[in-house]
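Peer 1: Please find one structure pasted underneath; my questions will follow.
The values are calculated or read from the model by the stated rules, or taken from the named source; none is laboratory data. Nothing here was measured: the structure is a model prediction, and the numbers come from that model. Here the Cβ positions follow ideal geometry from the backbone for every residue, glycine too, while neighbour counts run over all protein chains shown.
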Amino acid sequence: MLGLSGAFDNISVVVRRSLVQVWTPDALWGRVCAVSSLFISSSNELGDFESGFVAALFGPVFTVVSGGIGTILVVLVIAWKSPQLRRLRSLQKANVKH
């Protein structure tokens with residue numbers, strides 16, 4: 001399961017970085033990359049803190065189950081709030097400079 005988790009994490013990194021590169025307008029490139037980098041570099045540490053805190057209060061099983069449920073809820077809310085992201089089928093855009 002750890003191997004699969006790592007593989008899927010690598011896939012998500014490639015998709016996220018590709019989306020940023022393909023869909024960010026040139027005028028916003030630096031800002032978008034800075035915010036993306038901030039969230040990516042701090043997400044693991046914040047997640048570790050949150051998991052440790054919840055595990056200390058409620059135990060490891062509750063932490064894993066609630067984390068999984070929380071992840072699913074976040075994906076559903078983002079899919080609901082961002083219909084254009086839900087309809088995205090390709091990372092290509094018609095006016096992309098190569």
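Peer 1: Counting just the residues of the range 79-90 that are more than 14 Å from the chain's Cα centre (by Cα) and among the hydrophobic types (A, V, I, L, M, F, W, C), which one comes out modelled with the highest pLDDT?
Peer 2: By that ranking, first place goes to Trp80.
Peer 1: Could you check, for the range 38-52, whether at least one of its residues is aliphatic (A, V, I, L, M), touching a helix residue (DSSP H, G or I) at 6+ places or on another chain (Cβ under 9 Å) and at pLDDT below 90?
Peer 2: Within the range 38-52, the subset aliphatic (A, V, I, L, M) is 38, 40, 46.
The next check asks that each one be touching a helix residue (DSSP H, G or I) at 6+ places or on another chain (Cβ under 9 Å); those that pass are 40.
Narrowing further to those that are at pLDDT below 90: 40.
Scanning the range 38-52 turns up at least one residue that is aliphatic (A, V, I, L, M), touching a helix residue (DSSP H, G or I) at 6+ places or on another chain (Cβ under 9 Å) and at pLDDT below 90.
Peer 1: Taking the range 58-78 on its own, how many of its residues are closer than 16 Å to Gly47 by Cβ, among the aliphatic types (A, V, I, L, M) and either loosely packed, with under 11 Cβ neighbours inside 10 Å or under 14 Å from the mean Cα position of the chain (by Cα) (or both)?
Peer 2: 5
Peer 1: Additional query: Looking at (1) under 20 Å from Leu88 (Cα atoms); (2) over 14 Å from the mean Cα position of the chain (by Cα); (3) surrounded by 12 or more Cβ atoms within 10 Å (Cβ to Cβ), which is the one condition that is false for Pro25?
Peer 2: (3)
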